[in-house]
Amino acid sequence: MTNAAMSGTYLGEGSGPRAWLLTTDHKRVAWLYLVSLTAFFFLGGAMAVLMRIELATPAGDLVSDDVYNRLFSLHGIIMVWFFLVPSIPASLGNFLLPLMIGARDLAFPRLNLASWYVFISGSLFALFAVVAGGVDTGWTFYTPLSTLYANGWVSTAAFGVFIVGFSTIMTGINFIVTVHTLRAPGLTWFRLPIFVWTLYATSLVMVLATPVLAASLILIVLERVFGIGIFNPALGGDPLLFQHLFWFYSHPAVYIMILPGMGVVSEVLPCFSRRPLFGYKAVAMSSIAIAVFGFLVWGHHMFVSGQSAYAGVVFSFLSFCVAIPSAIKVFNWSLTLRKGEISFETPMLYALFFLALFTFGGLAGLFLASLAVDVHVHDTYFVIAHFHYIMVGGMVTAYMAGLHFWWPKMTGRMYSETAGRIAATVTFIGFNLTFFPQYVLGFDGMPRRYHTYPPEFQFWNVLSSAGAVVLAIGYLMPLFYLGWSLFRGARAPDNPWNATGLEWQTGSPPPPHNFETMPVVTRPAYAYDMKGLEHERFSPHREEAAG
Amino acid sequence: MSGTESIAFDTPQRERRADTFAMWVFIGSEAMLFGAIFLVFLVAHVDFGPAFAAASKHLSLPLGTFNTAVLITSSFTMALAHRLALQRRWRATVWALVVTSGLGLCFLVVKGIEYGKEIGEGLAPLLGMPFRYAGPDPVHAEFFFGLYFAMTSLHALHLIGGIVVIAGMIALWRTASPANRLRRVVTVGLYWHFVDIIWVFMFPVLYLINR
């Protein structure tokens, strides 16, 4: 990648391991994250493929029940803690946040690099548990299973997740302080791109929720290693307490996972429909609303755990409330498209697929928020389908949208547009084929976490397993054409999509300190309707960037 | 850049403001950590009040009170360090920092003596050690002591962190610019006061319930 053309850019600053592993440049740290996250994504994905192969037949013929328990636990632990939570913030967010607000770097560049090392140590620590024999508690580490009965390496895995939590908090603090203190002159809060708003909301959740997870994981480790019985009824403890603590973090954590995806889509949709984002303030504020409401709905994971019926009613009501800001976003995105000059480049395809899948998954969330329906579908494949529609159909699709949208900026290269569109479509088809049958299965009563099932469920399971293969192809394709573009792709212009936003006003790839002259902002975000944009189509730098 | 540690900032003043702000955000995060643990304690206290009150009487009130005084004094010397740093009286600042971390060490030593005493009396339900408790409702008293050790050791870990950071700050003192010295004293000071305040809540909750 490094050659004469890259000199003067951040990629031209040395290519040895030292130049990458000891860098404090947020753009390079983003790459460290991107590479490690990709590895975890495919590792977690491989576990899922094994599970789907097992589930193609009703009998347990490929793996034993014990191995199956370990497979889905590791799939969940890897995907949630080591991929989804850091995915967009730590890779795209890390790369783009300073560029989008016109800063030279994040507020604390060394803290940023440290966060990656903490992330890697924690995740390798947890992976050690895999090699040593696995964990069979699911990603949630529910007590008393995890404290009294589980025979796997629970303490090791939980401690690994605990360490990774520190890296999350570091990133959160760094982002919050950066947004507060390093915005370019003229870049007021309501001129910030929505991606920055969502990263900010995400960071708030990271900083305020992760420590509660840390507390609950510490208590598990204390119980397993030191014998302090916080969750053990025989010692006076309360197993349900763990669920309260865990979901107090982990429900907000699902918003950590989806909010940045919403931010990416808010960037992509206006750009490829040549329209300003409809209802900018509503979209910005709904991000904060989601972050706040997200803290008040954890009880909806516990409708059947024996919490009081009154608590159930309140949590059910609040869970319906959290749908409102999400719906505000969906409606505003849809209205952004109205009367737009829509073109279907790869990032746009992914963003539109996000819109469809997120809406579909979100509506199923309303079913689950209803007390009576939840009793029927609790712990069935309906729940699996719901959160995969949000987490995979929503978040991973948005991640792919963002990756394709900013790939030219990050690498200075263009990828094959045809390959991109094919991959996006294959992903969409494969995804629906995999997860739509699981709604049906769940509603018909197939419970999650079993490696065998009655033969009448086989039809939908075979469909789902076939879909998983298509989905895997959809996710593997970008690995090849994006990888190929690094070496053979056409040179990217500074602003290939003719987009607004400060990150497009600097070089592709950007210079080491992001901007040759520090930018000054005079317009709102998404000024796609303003005069002068035609002119910018040919000029890489806006006039006001110089002044 | 003009004397800032991070290339992102134009002036040391802006960097100091950002550092202080970052520490406040971190304290918010820490408050949630301790908040969760306090919540666990309070829920248990609502359920098993009498057992907790009885178990609490087995803690050493004199040592706990002494330690509270030690920590509050250390916060005073930390505040003094902040003031002296603002006046650029660097020598005196270092002395104030040394006294602060010394008081922190003193707290840890006394806490260690307390732990030793409790372990000796068989009040530590840790690592399979026998739990010998004469009072009523020993099962929930054991829960109380479990929480007591979890909470106080978590606090002690934070205090150790503070002492290590102060030691590091003193070690790097000679090479640090005045702006960096002030910035570090202010930021570390905030953290120190926070750890102190956690103890100010922990002390009544653990030692003084139903006295």
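Can you tell me how many residues in region B:30-50 are of a type in the set (Gly, Ala, Ser), over 15 Å from the mean Cα position of the chain (by Cα) and facing chain A (nearest Cβ under 8 Å)?
Residues of region B:30-50 that are of a type in the set (Gly, Ala, Ser), as a first pass: B:31, B:35-36, B:44, B:49.
Cutting the leftovers down to over 15 Å from the mean Cα position of the chain (by Cα) gives us B:36, B:44, B:49.
When the remaining residues are screened for being facing chain A (nearest Cβ under 8 Å), the result is B:36, B:44.
Summing the residues that are of a type in the set (Gly, Ala, Ser), over 15 Å from the mean Cα position of the chain (by Cα) and facing chain A (nearest Cβ under 8 Å) in region B:30-50 gives 2.
Here is a check on your reading of the model: is B:Arg83 at pLDDT 85 or above, farther than 30 Å from B:Gly122 by Cα and away from chain A (no Cβ under 14 Å)?
yes
Condition first: of a type in the set (A, V, I, L, M, F, W, C) and within 7 Å of chain A (Cβ to nearest Cβ). Now tell me which residues in region B:6-29 satisfy that. Quick ask: steps written out before the conclusion?
Initial filter on region B:6-29 (of a type in the set (A, V, I, L, M, F, W, C)): B:7-9, B:18, B:21-27.
Residues satisfying the conditions are B:Ile7, B:Ala8, B:Ala18, B:Phe21, B:Ala22, B:Val25, B:Phe26.
What is the residue count in region A:409-459 for residues that are over 30 Å from A:Asp66 (Cα atoms), out of contact with any Lys or Arg (no Cβ under 9 Å at 6 or more places or on another chain) and crowded, with 20+ Cβ neighbours inside 10 Å?
From region A:409-459, those over 30 Å from A:Asp66 (Cα atoms) are A:409-429; that's our starting set.
Filter again for out of contact with any Lys or Arg (no Cβ under 9 Å at 6 or more places or on another chain), leaving A:409, A:411, A:415-429.
Then drop every residue that is not crowded, with 20+ Cβ neighbours inside 10 Å, which leaves A:409, A:411, A:415, A:420, A:423-424, A:427-428.
Of the residues in region A:409-459, 8 are over 30 Å from A:Asp66 (Cα atoms), out of contact with any Lys or Arg (no Cβ under 9 Å at 6 or more places or on another chain) and crowded, with 20+ Cβ neighbours inside 10 Å.
Would you point out the residue of region B:118-137, among those that are buried (at least 18 other Cβ atoms within 10 Å of the Cβ) and more than 25 Å from the chain's Cα centre (by Cα), that is farthest from the other protein chains (Cβ to nearest Cβ)?
Per the stated criteria, the residue is B:Tyr133.
Pick out the one residue from A:Thr168, A:Thr143, A:Thr178 that is β-branched (Val, Ile, Thr), outside any loop (DSSP other than H, G, I, E, B) and either at pLDDT below 90 or over 30 Å from B:Ser153 (Cβ atoms) (or both). Give the steps one after another, and end with the answer.
On the way: A:Thr168 fails: either at pLDDT below 90 or over 30 Å from B:Ser153 (Cβ atoms) (or both); A:Thr143 fails: outside any loop (DSSP other than H, G, I, E, B).
Exactly one residue qualifies, and that residue is A:Thr178.
Mind listing whichever residues of region B:101-154 are more than 22 Å from B:Thr65 (Cα to Cα), not in a helix (DSSP H, G or I) and not small (Gly, Ala, Ser)?
Result: B:Pro125, B:Leu126, B:Leu127, B:Met129, B:Pro130, B:Phe131, B:Arg132, B:Tyr133, B:Pro136, B:Asp137.
Being within 10 Å of chain B (Cβ to nearest Cβ) and within 21 Å of the chain's Cα centre (by Cα) is the filter; apply it to region A:176-185 and report the residue that is nearest to A:Ala214 (Cα to Cα). First the steps, then the outcome.
To start, the set of residues in region A:176-185 that are within 10 Å of chain B (Cβ to nearest Cβ) comprises A:176-178, A:180-182.
After this cut, where a residue has to be within 21 Å of the chain's Cα centre (by Cα) as well, the list is A:176, A:178.
Values: A:Ile176: 20, A:Thr178: 24 Å.
If we take residues in region A:176-185 being within 10 Å of chain B (Cβ to nearest Cβ) and within 21 Å of the chain's Cα centre (by Cα), then A:Ile176 is nearest to A:Ala214 (Cα to Cα).
If the Cβ limit is 8 Å and pairs must be 6+ apart or interchain, which residue in region A:359-379 that is part of a helix (DSSP H, G or I) pairs with which residue that is charged (D, E, K, R)?
A:Phe367/A:Asp374; A:Leu368/A:Asp374
How about region A:68-112: which of its residues are more than 16 Å from the chain's Cα centre (by Cα) and under 29 Å from A:Met47 (Cα atoms)?
A:Tyr68, A:Asn69, A:Arg70, A:Leu71, A:Phe72, A:Ser73, A:Leu74
Among A:Ala132, A:Ala157, A:Ala107, A:Ala103, which is the only one that is in contact (Cβ under 8 Å) with a residue 24 or more places away in the chain, more than 14 Å from chain B (Cβ to nearest Cβ) and buried (at least 21 other Cβ atoms within 10 Å of the Cβ)?
Values: A:Ala132 fails: buried (at least 21 other Cβ atoms within 10 Å of the Cβ); A:Ala107 fails: more than 14 Å from chain B (Cβ to nearest Cβ); A:Ala103 fails: more than 14 Å from chain B (Cβ to nearest Cβ).
Checking each option against the conditions leaves just A:Ala157.
Taking region A:106-117 only, how many residues are part of a helix (DSSP H, G or I), more than 17 Å from A:Ala39 (Cβ to Cβ) and not polar (S, T, N, Q)?
So the first thing to find is which residues in region A:106-117 are part of a helix (DSSP H, G or I), and the list is A:109-117.
Filter again for more than 17 Å from A:Ala39 (Cβ to Cβ), leaving A:109-115.
If we keep only those that are not polar (S, T, N, Q) as well, we get A:109-111, A:113-114.
Residues meeting the conditions: 5.
If the requirement is being within 30 Å of B:Pro62 (Cα to Cα) and without any contact (Cβ under 8 Å) to a residue 60 or more places away in the chain, which of these qualifies: B:Val165, B:Val200? Before the answer, list the steps.
Details: B:Val200 fails: without any contact (Cβ under 8 Å) to a residue 60 or more places away in the chain.
From the options B:Val165, B:Val200, the qualifying one is B:Val165.
If a residue must be in contact (Cβ under 8 Å) with a residue 60 or more places away in the chain and not in a loop (DSSP other than H, G, I, E, B), how many such residues does region A:264-307 contain?
Residues flagged as in contact (Cβ under 8 Å) with a residue 60 or more places away in the chain and not in a loop (DSSP other than H, G, I, E, B) within region A:264-307 amount to 21.
In region B:65-117, which residues are surrounded by fewer than 19 Cβ atoms within 10 Å (Cβ to Cβ) and touching an Asp or Glu at 6+ places or on another chain (Cβ under 8 Å)?
B:Ile72
Output yes when any residue across region A:154-164 is modelled with pLDDT of 90 or more, closer than 25 Å to A:Ser91 by Cβ and either hydroxyl-bearing (Ser, Thr, Tyr) or in contact with an Asp or Glu (Cβ under 6 Å, 6 or more places away or on another chain) (or both), and no when none is.
no
Mind checking which residues of region B:1-39 are crowded, with 19+ Cβ neighbours inside 10 Å and not in a helix (DSSP H, G or I)?
B:Thr4, B:Glu5, B:Ser6, B:Ala8, B:Phe9
With hydrophobic (A, V, I, L, M, F, W, C), out of contact with any Phe, Trp or Tyr (no Cβ under 8 Å at 6 or more places or on another chain) and modelled with pLDDT under 90 as the only criterion, which of A:Ala48, A:Ala19, A:Ala39, A:Ala56 stands out?
On the way: A:Ala48 fails: modelled with pLDDT under 90; A:Ala39 fails: modelled with pLDDT under 90; A:Ala56 fails: modelled with pLDDT under 90.
Residue meeting the stated conditions: A:Ala19.
Give me the pairs, please: first residue somewhere in region A:457-471 and farther than 12 Å from A:Gln438 by Cβ, second residue anywhere and hydrophobic (A, V, I, L, M, F, W, C) and not in a helix (DSSP H, G or I), beta-carbon distance under 6 Å, and either six or more positions apart or on two chains.
Once the first residue is farther than 12 Å from A:Gln438 by Cβ and sits in region A:457-471, its partners that are hydrophobic (A, V, I, L, M, F, W, C) and not in a helix (DSSP H, G or I) give A:Val462/A:Ala56.
Does A:Ser203 meet the test of being of a type in the set (Gly, Ala, Ser), crowded, with 22+ Cβ neighbours inside 10 Å, under 30 Å from A:Thr522 (Cβ atoms) and in contact with a helix residue (DSSP H, G or I) (Cβ under 7 Å, 6 or more places away or on another chain)?
Details: of a type in the set (Gly, Ala, Ser): yes; crowded, with 22+ Cβ neighbours inside 10 Å: yes; under 30 Å from A:Thr522 (Cβ atoms): yes; in contact with a helix residue (DSSP H, G or I) (Cβ under 7 Å, 6 or more places away or on another chain): yes.
Judged against the criteria, A:Ser203 is a match.
Taking into account only those residues within region B:139-156 that are within 10 Å of chain A (Cβ to nearest Cβ) and more than 15 Å from B:Glu118 (Cα to Cα), which is surrounded by the fewest Cβ atoms within 10 Å (Cβ to Cβ)?
Taking region B:139-156 and keeping what is within 10 Å of chain A (Cβ to nearest Cβ), we get B:139-150, B:153-154.
Now restrict to residues that are more than 15 Å from B:Glu118 (Cα to Cα): B:139-140, B:154.
Details: B:Val139: 16, B:His140: 21, B:Leu154: 18.
It comes out as B:Val139.
Let me confirm something: among A:Leu32, A:Leu11, A:Leu55, which residue is within 23 Å of A:Ala253 (Cβ to Cβ) and buried (at least 16 other Cβ atoms within 10 Å of the Cβ)? Spell out how you get there, then give the answer.
Details: A:Leu11 fails: within 23 Å of A:Ala253 (Cβ to Cβ); A:Leu55 fails: within 23 Å of A:Ala253 (Cβ to Cβ).
When all the criteria are applied, what remains is A:Leu32.
A:Phe195: in a helix (DSSP H, G or I) and out of contact with any helix residue (DSSP H, G or I) (no Cβ under 6 Å at 6 or more places or on another chain), yes or no?
Numbers: in a helix (DSSP H, G or I): yes; out of contact with any helix residue (DSSP H, G or I) (no Cβ under 6 Å at 6 or more places or on another chain): no.
Considered against the rule, which asks whether it is in a helix (DSSP H, G or I) and out of contact with any helix residue (DSSP H, G or I) (no Cβ under 6 Å at 6 or more places or on another chain), A:Phe195 comes out as no.
Looking at (1) in contact with a helix residue (DSSP H, G or I) (Cβ under 7 Å, 6 or more places away or on another chain); (2) at pLDDT below 95; (3) more than 30 Å from A:Met6 (Cα to Cα), find the lone condition where A:Tyr450 falls short.
(1)
Which residue, of A:Phe72, A:Phe125, A:Phe141, is surrounded by 20 or more Cβ atoms within 10 Å (Cβ to Cβ), at negative phi and not basic (Lys, Arg)?
A:Phe72
Working only within region A:210-243, note down all residues that are among the polar types (S, T, N, Q) and within 10 Å of chain B (Cβ to nearest Cβ). Break it down stepwise before answering.
Taking region A:210-243 as the starting set, the residues that turn out to be among the polar types (S, T, N, Q) are A:210, A:216, A:232, A:243.
Scanning region A:210-243 gives A:Thr210, A:Ser216, A:Asn232.
The values are calculated or read from the model by the stated rules, or taken from the named source; none is laboratory data. Computed from a predicted structure; not experimentally measured. Cβ sites come from the backbone with ideal geometry, for glycine too, and all protein chains shown count toward neighbours.
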